[in-house]
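First the structure, in the form of C-alpha cells, and then the observations on it.
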Amino acid sequence: MDAKREPPYAELTPDCVLDAMSSVGLSGDGRLLVLNSYENRVYQVWLDDRAPAAGLPTGASSVVAKFYRPLRWSDAQIAEEHAFVADLAELEIPVVAPIRLAGNGTIASFRDFRFAVYPRCSGRAPELEDPSTLEWMGRFIGRIHRVGAVAPFAARPTLDMTSFGEEPRDWLLAHDFIPADIADAWKSVVALALDGIRRCFERAGAVQNIRLHGDCHAGNVLWTDAGPHFVDFDDARMGPAMQDLWMLLSGDRGDMQRQLRAIVSGYEDFQDFDDRELWLIEALRTLRLIHYSAWLARRWDDPAFPAAFPWFNTQRYWQDRILELREQVAAMDEPALVM
C-alpha cells in the first residue's frame, strides 16, 4: 500500500458539504450530522427554513446527502442504481429514492465528489426474531425481485465467484496483507473454499441472475408501523435472488430453516422462489467473507477504517479467518436447507 496516497475524503470538509448542497439549490443552516457509513460519506443536513427545498416532502427540515467514494462507481453505474430505485418507488415499493436536483437529475458533482440527496426517513431496526416480520420482509423483497427480474443491469457488475472470491484473494496476496507465516494455510483454505463454492453452484444449476439490492441485511432496513423501508442500494448488482435473503438468517440450522420458511412464505406472494438456490446460502456467505477482508484492505488508506476496525490485519484476525473458512468448507458440504 502507498502510505503517501491522499485519503479519499481529505477535501470533504463541512464547508465543502454545505457548498455542494448550495450548488444544487439546497441551502443548509450550518448543522451537519455524520451518519453511519464507511464506504461513502453520508450526512444529515439541516436546511435553512428561509430557502425553498424543491423535490422534498412538504415541511422537510433536513435531508440526507450521500457523497460517493471516488473511483468506485462510474456515472453510468450510479445512474442505474438510481433508476432501479426510482422504478421501485414508482410502484409504491417502500424504498428511499434520491430526489431530483437542480438540472432535473439525481447525481450532482462538486469539486471531485459526486453526490445524491435523499429525503430523511426515520425508523428502527426490524425484529427478525418475529416470524411475521420476516414474512413481511419477504413480501417486499419479492416485490423488489419481481421488478429486478424484468431487465438486467447494463453497467453494474454481477456477483460471482470471480468478482467476490478469486479477484479479492489475488488482490490480498499481491498486496502482502496475509502474514508470511500463515500465508500458505490461508491460501490452502481459500482454495478449498472456492472449490466448495463451485460445487454449490453446480448443484444449484443454471439459476437466474436478476437485479438485486445486493446488501440486504437488517442494517439497511428501517422499520416503521407501516412495515419495512429498504435503504442504501449502493451495492445493487446482478446475482441470484438468494443474495437478498440469506443475510436475514442467523442461528443454527433449525433456526435458519424456520426463518427462511417465513421469508419465502411472504416472498412467494409476489415472486416464484427457486428451491435450487437453497444450495447457494453457504456459498454466498463464504464469498462475502473472502470479499469482506479485501474490502477492508482496499480502504486501509482511509483514516476512518483503522479507527473503526482496529482488529483488522492483525495476526489474530487472519488466524480467525482461516478457522472461519474451514467451518464454511464443512458447511458447504452439508445438505441444503429444505422448505
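Quick notes
- So Leu172, is it within 18 Å of the chain's Cα centre (by Cα), at pLDDT 95 or above, assigned by TED's automatic domain parsing to the domain that holds Ala241 and buried (at least 17 other Cβ atoms within 10 Å of the Cβ): no
- Of the residues making up the range 252-272, those that are within 26 Å of Asp160 (Cβ to Cβ) and free of Cβ contacts under 8 Å to residues at least 40 places away in the same chain number 1.
- Number of positions in the range 83-114 that are within 17 Å of Ala154 (Cα to Cα), surrounded by fewer than 19 Cβ atoms within 10 Å (Cβ to Cβ) and either of a type in the set (Phe, Trp, Tyr) or without any contact (Cβ under 8 Å) to a residue 60 or more places away in the chain (or both): 2
Residue-wise test of (1) over 30 Å from Gly266 (Cα atoms); (2) in contact with a helix residue (DSSP H, G or I) (Cβ under 9 Å, 6 or more places away or on another chain).
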| residue | (1), (2) |
| --- | --- |
| Phe177 | yes, yes |
| Ala180 | yes, no |
| Gly205 | no, yes |
| Ile210 | no, yes |
| Gly214 | no, yes |
| Gly219 | no, no |
| Trp223 | no, yes |
| Pro228 | no, yes |
| Asp232 | no, yes |
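Conditions tested, residue by residue: (1) assigned by TED's automatic domain parsing to the domain that holds Ser62; (2) part of a loop (DSSP other than H, G, I, E, B); (3) of a type in the set (Asp, Glu).
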{"position": "Tyr9", "(1), (2), (3)": "no, yes, no"}
{"position": "Asp19", "(1), (2), (3)": "yes, no, yes"}
{"position": "Gly25", "(1), (2), (3)": "yes, yes, no"}
{"position": "Gly30", "(1), (2), (3)": "yes, no, no"}
{"position": "Leu33", "(1), (2), (3)": "yes, no, no"}
{"position": "Asn36", "(1), (2), (3)": "yes, yes, no"}
{"position": "Glu39", "(1), (2), (3)": "yes, yes, yes"}
{"position": "Gln44", "(1), (2), (3)": "yes, no, no"}
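- The range 139-159 residues that are in the same structural domain as Asp269 (by TED's automatic domain parsing) and touching a residue at least 24 places away in the same chain (Cβ under 8 Å), paired with ones that are assigned to a helix (DSSP H, G or I) and polar (S, T, N, Q) (beta carbon under 7 Å, 6 or more apart): Ala155/Gln77; Arg156/Gln77; Pro157/Ser163; Leu159/Gln243
- Restricting attention to the range 115-136, the residues being surrounded by fewer than 14 Cβ atoms within 10 Å (Cβ to Cβ) and either in a loop (DSSP other than H, G, I, E, B) or among the charged types (D, E, K, R) (or both) number 6.
- Scanning the range 178-197 for residues that are in contact (Cβ under 8 Å) with a residue 24 or more places away in the chain, under 13 Å from Ile290 (Cα atoms) and not small (Gly, Ala, Ser) yields a total of 7.
- Selection status of Gly165, out of contact with any Phe, Trp or Tyr (no Cβ under 9 Å at 6 or more places or on another chain), at pLDDT 95 or above, under 17 Å from Ala336 (Cβ atoms) and assigned to a helix (DSSP H, G or I): no
Here's the yes/no breakdown for (1) over 23 Å from Ala193 (Cα atoms); (2) assigned to a helix (DSSP H, G or I):
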| position | (1), (2) |
| --- | --- |
| Phe273 | yes, no |
| Arg276 | no, yes |
| Asn313 | no, no |
| Leu323 | no, yes |
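The values are calculated or read from the model by the stated rules, or taken from the named source; none is laboratory data. Nothing here was measured: the structure is a model prediction, and the numbers come from that model. Note: ideal-geometry Cβ built from the backbone for every residue, glycine included; neighbour counts use all protein chains shown.
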